[in-house]
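The values are calculated or read from the model by the stated rules, or taken from the named source; none is laboratory data. Only a predicted model underlies this, so the values are computations on that prediction, with no experimental measurement involved. Backbone-built Cβ (ideal geometry, glycine too); neighbour counts: all protein chains shown. Note: accessible area is taken over every heavy atom of the protein model, side chains too, but ligands, DNA and RNA are not part of it. Shrake-Rupley method; radii C 1.70, N 1.55, O 1.52, S 1.80 Å.
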Amino acid sequence: SQEHRWNNIFIFEEGGGKWNRFDVEYTFTDTLIGSVEWNNYWGEEDTTFGQMDKSSNVQVGFKYIFEDY
């Protein structure tokens, strides 16, 4: 039943670090789900998120649900 959801989380860290996470999930069928996620880190170098600047990433995935009859 083609359903979908999306989320966006934005976190400001004390000291100037920032993290933005955006993800989307889409149900193609009752057993197949696809997802895309983007994590973006930036800010002052002496903050946790600022240090993770080079760790920003995009992830793509598929999940298959095996049904037990």
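Can you list the strands (runs of 3 or more DSSP E) lying wholly within region 5-65 that have 2 or more residues being open to solvent by less than 60 Å² (accessible area, probe 1.4 Å) and in contact with a Lys or Arg (Cβ under 6 Å, 6 or more places away or on another chain)? Don't jump to the end; show me each part of the working.
Details: elements: 18-27, 32-42, 57-64.
By residue number, 32-42.
Looking only at residues in region 7-34 that are under 26 Å from Gly50 (Cβ atoms) and of a type in the set (Asp, Glu), the one that is farthest from the chain's Cα centre (by Cα) is Glu14.
If you check every pair at least six apart or on different chains, which have Cβ atoms under 9 Å apart with a residue in region 35-54 that is basic (Lys, Arg) first and a residue that is open to solvent by less than 40 Å² (accessible area, probe 1.4 Å) and modelled with pLDDT of 95 or more second? Going by the 9 Å Cβ cut-off, the qualifying pairs are Lys54/Tyr41.
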